[in-house]
Amino acid sequence: MTSDLRRILDIEKPILSAPMGGAAGPDLVAAVCNAGGYGVIPLWGKSAADVAQGIAQVRAITDRPFAVNLNLSFPFGDQLQTCIDHKIHAVSLFWGMDSDAISTAKSAGLVVLSSVGSVTEAKAAEAAGADIIVAQGWEAGGHVWGEVSTLALVPAVADAVDIPVVAAGGIADGRGMAAALMLGASGVWIGTRFLASKEATIHDTYRTRILNAAETQTEWYRDLYDVAWPDAPHRALRNDTSADWQADGAANPGKRPNEDQVIGHRPDGTPVVRYQSYTPLPETTGDVAAMSLWAGQGVGLVRKIQSASEIVDEIYAGARQILRAAPDRL
């Protein structure tokens, strides 16, 4: 299956960068592709013109194939059609299952990656025509669709479908990649580790928090950072916002402390309010540490800033070394 994944995606190293909204821009996606992996750029929620521009920006710095990530809980028809019109290599579909979206993309010649959180969803995606399943474990950072751990989810999904499975959630080094492959995955989907890449478009305060965080300092929330994206569970670093909310009794939206308080501004001057679903960009101003600092449980393994290509090479080499030595560990 690993060779199938490489063939389908036309890659040398079965490492995919997660579509971290705000953090994974053209530079990061292209760098992962140029290193032999596969980049995924999040362009959901944008106009068709902006989607076309995002595709063009990636293509200006790599001739390798990549995917566009689309969120199925928001209107996506125009974005999908733009991907088709611009003959993008693949689309990555997440936050739900839409067989029509899969069949539309497939009929246009696109490769389809479908993110799932259960075996039932994986089977449905395969039946609808998906080429690759991304099994996202509960350890993942950012918005997390399922509630099953990577260790339990990946082998169950790999046993249930006959297409390549990519493991996501808590994987940050070669050991994690080797473990995922031994569980039946054909490749890995990495997010938090790439937040420490030179190409990630995040605020320095956010990056510093990532580099200094322990594995115990993330928490899964059902609806804490819900402004602009309600009903979407997520994992982020603990901070003053989450601490004050918990100290106040962990109230539901509408009853939380300091709701609607402006805590900063986007680069274009648009206010960022407390509890907003927002990735702090380099030019974001205000109390950045109090914003939604997405991170997975693998954050405790992220300790240095590197280029995205160095991260890909290091993880891949580490996994190969471990797998070659695997017989000697028994």
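The values are calculated or read from the model by the stated rules, or taken from the named source; none is laboratory data. What you see is a predicted model; the values in this text were computed from it and never measured. Heads up, the Cβs are rebuilt from the backbone with ideal geometry, glycines too, and the neighbour counts pull from every protein chain shown.
Answer yes or no as to whether residue 219 is surrounded by fewer than 18 Cβ atoms within 10 Å (Cβ to Cβ) and either assigned to a loop (DSSP other than H, G, I, E, B) or in the same structural domain as residue 26 (by TED's automatic domain parsing) (or both).
Details: surrounded by fewer than 18 Cβ atoms within 10 Å (Cβ to Cβ): yes; either assigned to a loop (DSSP other than H, G, I, E, B) or in the same structural domain as residue 26 (by TED's automatic domain parsing) (or both): no.
Against the criterion (surrounded by fewer than 18 Cβ atoms within 10 Å (Cβ to Cβ) and either assigned to a loop (DSSP other than H, G, I, E, B) or in the same structural domain as residue 26 (by TED's automatic domain parsing) (or both)), residue 219 does not qualify.
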Those residues of the stretch 138-167 which are touching a helix residue (DSSP H, G or I) at 6+ places or on another chain (Cβ under 8 Å), in contact (Cβ under 8 Å) with a residue 60 or more places away in the chain and assigned to a strand (DSSP E or B), in sequence order:
165, 166
Close pairs (6 angstrom Cβ cut-off, 6 or more residues apart or separate chains): without any contact (Cβ under 8 Å) to a residue 12 or more places away in the chain and on the phi < 0 side of the Ramachandran plot in the stretch 261-275, β-branched (Val, Ile, Thr) and surrounded by fewer than 17 Cβ atoms within 10 Å (Cβ to Cβ) anywhere:
271/262
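Go through 319, 250 for me and flag whichever is assigned by TED's automatic domain parsing to the domain that holds residue 190 and either part of a loop (DSSP other than H, G, I, E, B) or buried (at least 19 other Cβ atoms within 10 Å of the Cβ) (or both). It would help to see each step written out before you state the result.
Details: 250 fails: assigned by TED's automatic domain parsing to the domain that holds residue 190.
Exactly one of 319, 250 is assigned by TED's automatic domain parsing to the domain that holds residue 190 and either part of a loop (DSSP other than H, G, I, E, B) or buried (at least 19 other Cβ atoms within 10 Å of the Cβ) (or both), namely 319.
Kindly provide the set of residues from the stretch 26-56 that are in a loop (DSSP other than H, G, I, E, B) and over 12 Å from the mean Cα position of the chain (by Cα), ordered by number.
We begin by selecting, within the stretch 26-56, every residue in a loop (DSSP other than H, G, I, E, B); these are 35-37, 39, 43-47.
Of everything in the stretch 26-56, those that are in a loop (DSSP other than H, G, I, E, B) and over 12 Å from the mean Cα position of the chain (by Cα) turn out to be 35, 36, 37, 43, 44, 45, 46, 47.
When the residues of the stretch 57-80 are narrowed to those that are assigned to a helix (DSSP H, G or I) and in contact (Cβ under 8 Å) with a residue 24 or more places away in the chain, which ends up surrounded by the fewest Cβ atoms within 10 Å (Cβ to Cβ)?
Step one: filter the stretch 57-80 for residues assigned to a helix (DSSP H, G or I), giving 57-59, 77-80.
From what's left, in contact (Cβ under 8 Å) with a residue 24 or more places away in the chain: 57-58, 78-80.
On the way: 57: 15, 58: 22, 78: 13, 79: 25, 80: 25.
Taking the candidates together, the pick is 78.
Restricted to the stretch 253-273, and to residues that are of a type outside the set (S, T, N, Q) and farther than 14 Å from residue 291 by Cα, which residue is surrounded by the most Cβ atoms within 10 Å (Cβ to Cβ)? If you could, list the steps in order and put the result at the bottom.
Within the stretch 253-273, the subset of a type outside the set (S, T, N, Q) is 253-257, 259-260, 262-269, 271-273.
Pick out the ones that are also farther than 14 Å from residue 291 by Cα and you get 253-257, 267-269.
Working: 253: 13, 254: 6, 255: 10, 256: 20, 257: 14, 267: 10, 268: 7, 269: 7.
Among them, the one singled out is 256.
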Residue set 24, 52; condition touching a His at 6+ places or on another chain (Cβ under 8 Å) and modelled with pLDDT of 95 or more; output residue 52
In the stretch 118-137, anything surrounded by fewer than 22 Cβ atoms within 10 Å (Cβ to Cβ) and assigned to a loop (DSSP other than H, G, I, E, B) is listed as 118, 129, 131
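Could you list all residues from the stretch 1-20 that are modelled with pLDDT of 95 or more and in a loop (DSSP other than H, G, I, E, B)?
At the first step, the residues of the stretch 1-20 found to be modelled with pLDDT of 95 or more are 4-20.
Within the stretch 1-20, 10, 11, 12, 13, 14, 18, 19, 20 meet the criteria.
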Quick one: residue 292 ticks every box in (1) touching an Asp or Glu at 6+ places or on another chain (Cβ under 6 Å); (2) touching a residue at least 24 places away in the same chain (Cβ under 8 Å) bar one, so which box is it?
(1)
